[in-house]
Each structure stands twice: as structure tokens, then as C-alpha cells.
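In what follows, a structure is listed as C-alpha cells, so that the remarks can point back to it.
Here, each number is a calculation from the coordinates, and none is a lab measurement. Note that this is a predicted model, so its numbers are computed, not measured. Every residue, glycine among them, receives a Cβ derived from its backbone with ideal geometry; neighbour counts consider all protein chains shown.
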């Protein structure tokens, strides 16, 4: 049964990655409110197609005219997320059935199922609270947590690693890298949710200065602004958006330093060399994509790729932790 569990966890991992990518595509094409209700779309489980169904949708939601393209993008994301939820539920069930096996993870599948349930609620609140940024960021982090848990449950560590005890610095730095990267991804989500990706249209400067004089950090990082605010298109003025964008750039410097140092340390040791090189290459790719978003005014393909490579970067850092943890 453990073999089936591992295979299902790995299938779930790839589906979770697809859900993250499609979620970014939905957000970046302004389709987050493509269906103004939840879990259906204009009162149906599929996007209204016939003229009568579309007329009923217009009557039921006059404030949200139906855009078929946006509605389908949102529903495709929900269908994929539902499939992922079923896989996570099956994993929790298999773990419970195989609980007598000491090698069977038991707590983590239960945590995974709880995270997926919370993700469903966050998906609902993303719609009902009109794209409130703190909910959007929480939904993003929940998706990446699901991705990370599935990766860990899939047990991707190699059994042929040399049995050499990792340096104490590696043991310390690897979990710190997870924390720093999570904070940076949160900043990236906050930047996207507040439509601040192009608030600094130049690079490496921001608003032609190394430290933008118009930045309003206090306004840019107000977490809760009450209920009933429609955040589609953003509600912040330019100085607040500049502060958010600039904070994400500062975070990128710190994240690059820590992840780069971790990758370099790993690449120097033969048993971690491949993992370190993959981490460094993924980090460099993410930096190139991030700069390209500014230089080319955030084309959709590059913006979606930025989200996807962030997820891959998270997996490489989790992989580093898993390799170090299993090599003792």
C-alpha cells in the first residue's frame, strides 16, 4: 500500500503545480471574479452557455456581466483544485488504512487534508470578499503549502547518497532558506494582489532613484481595510504601490543572498552537488524572469512563468532540506 501512497502523492504533486500555474493565469488575466459566486458559476456548475442561461445570469448578477472567457478560466481552476482535493483526501484515507506500518506517514497526510479544506474556504473568500489582498496571498501560500507537503510525502530523496554528515551550517541554513523564501513569495503575492508589478517601471532603479522618494510603506502594507471593498484593479494610489514593489525588490536581494549561499555550500559537497546546482540555476532563472517583467512591462507568459518558477524554487529549497535531513 505504501507504493500506491507514494505514487498518488507524486501525481498530486504535479496536479498541485498545475493548479498553482492556472491560479496565477486566472489572477493575472483579471479572471478572479470571472464567476461572482462559489462554488458554481452564475448559479451553475458550468459556465452559462445558452442565450437563456446567460440572460438568467445577467438578471441574477447585474453588477457582474458575464465574460465567458474569464468565467471558464476561473472554473477550470476550480475543477483542477477539486481533483487535487480528492487526491489529498485519498492520501489521508490510505495513510489511516495503513497506519499499522511504522514507515507510513500518518500526521502529515492529515495536515495536508486540513490545508486543502482551508484552501477551499480561502477560494470561496477570495470571491466573496472581492479579491481582498490578504486572502489572495493566504490562498497562494495555501497552494504552495499543499505543493510542498505533497513533495515531502512523495519521498524524492535518493537512497544512493553518500553517508556523510552534513556541515552544521547546512543544517542551520536550509530551514532558514525556507522561511526567507516563503516571506519573499508572500511579498510577491502582495505585489500582484495590489496590482503593483509595474509601479517601478525602470530597473535597477525605481522611479529613476535607488530609493524612491514617493514610496508610502505605511499605506502600502495595511493588511485589512474592512469589508465591501472591491479590489479588482487595485485600490491603492501610486506611492503605496511603489512601496510594495520596492519592498519585493529588497526582499529579492536578501533571498538571493541566502539561497545563493545555500546552493553554493551544497554544490561544494559531492553528495549534494547536483541539488546545489539545480537550486542555483533555478534561482538565477527566477531573477532573470523577475527583471524581464519590469523591462518588458509584465507580458502574461513571463508573469505566469514568474509564479511557476517561484513554485519550482520552493521545491528546490524543500529538496535541499530533505536531502540534508536524510543524509546523517
Handout entry: Cα centroid separation, region 224-241 to region 58-135 (Å)
Key = 25 Å
Problem - Burial ordering of 91, 318, fewest other beta-carbon atoms within 10 Å first - result: 318, 91
Practice task
Express in nm, to one decimal, how much length is gained between residue 225 and residue 284 on full extension, taking 0.36 nm for each residue of separation and deducting their alpha carbon distance.
Solution key: 17.6 nm
Problem - Computed FRET value (nearest 0.05) for residue 6 with residue 198, which takes r as the C-beta separation and R₀ as 45 Å - result: 0.55
Fill in the blank from the handout: With no solvent term and unit scatterers on the alpha-carbon positions of region 1-75, Debye gives log₁₀ I(q)/I(0) at q = 0.11, 0.14 Å⁻¹ of -0.39, -0.54
Exercise for the section: Report the paramagnetic label zone for residue 104: residues of region 1-19 whose backbone N is under 12 Å from a point 7 Å from Cα along the Cα-to-Cβ axis. Expected result: 1-6
Exercise for the section: Measure off 7 Å from each Cα along the Cα-to-Cβ vector at residue 45 and residue 63, then give the distance between these two points in nanometres to one decimal. Expected result: 2.8 nm
Handout entry: 10 Å binning of all Cα-Cα separations within region 128-273, expressed as whole percents from 0 upward
Key = 10, 30, 29, 19, 10, 2
Practice task
Quote the Stokes-Einstein diffusion coefficient, in whole µm² s⁻¹, for region 1-156, based on the Kirkwood radius over alpha carbon pairs, a temperature of 20 °C and a viscosity of 1.002 mPa s.
Solution key: 130 µm²/s
Fill in the blank from the handout: Packing-ranked peptide list from 123-130, 297-304, 223-230, highest mean Cβ count within 10 angstrom first, is 123-130, 297-304, 223-230
Exercise for the section: Only Cα pairs under 8 Å and at least 6 apart count here; give the relative contact order of region 1-156 as a rounded whole percent. Expected result: 34 percent
Practice task
Provide the three semi-axes, in whole Å and in decreasing order, of the ellipsoid equivalent to region 255-306 as defined by the square roots of 5 times the Cα gyration tensor eigenvalues.
Solution key: 28, 10, 6
Practice task
Note the direction-averaged projected area, equal to a quarter of the hull surface, for the Cα convex hull of region 81-130, in nm².
Solution key: 3.4 nm²
Fill in the blank from the handout: Computed over region 98-213, the convex hull of the Cα set has an average projected area, in nm², of 11.8 nm²
Completion exercise
Binned at 10 Å from zero, the C-alpha pair distances of the chain give percents of 6, 23, 30, 25, 12, 3, 0
Exercise for the section: Could you work out how far the C-alpha centroid of region 1-41 sits from that of region 270-312, in angstrom? Expected result: 21 Å
Fill in the blank from the handout: Note: residue 176 to residue 111 extended length (0.36 nm per residue) minus current alpha-carbon separation gives 21.2 nm
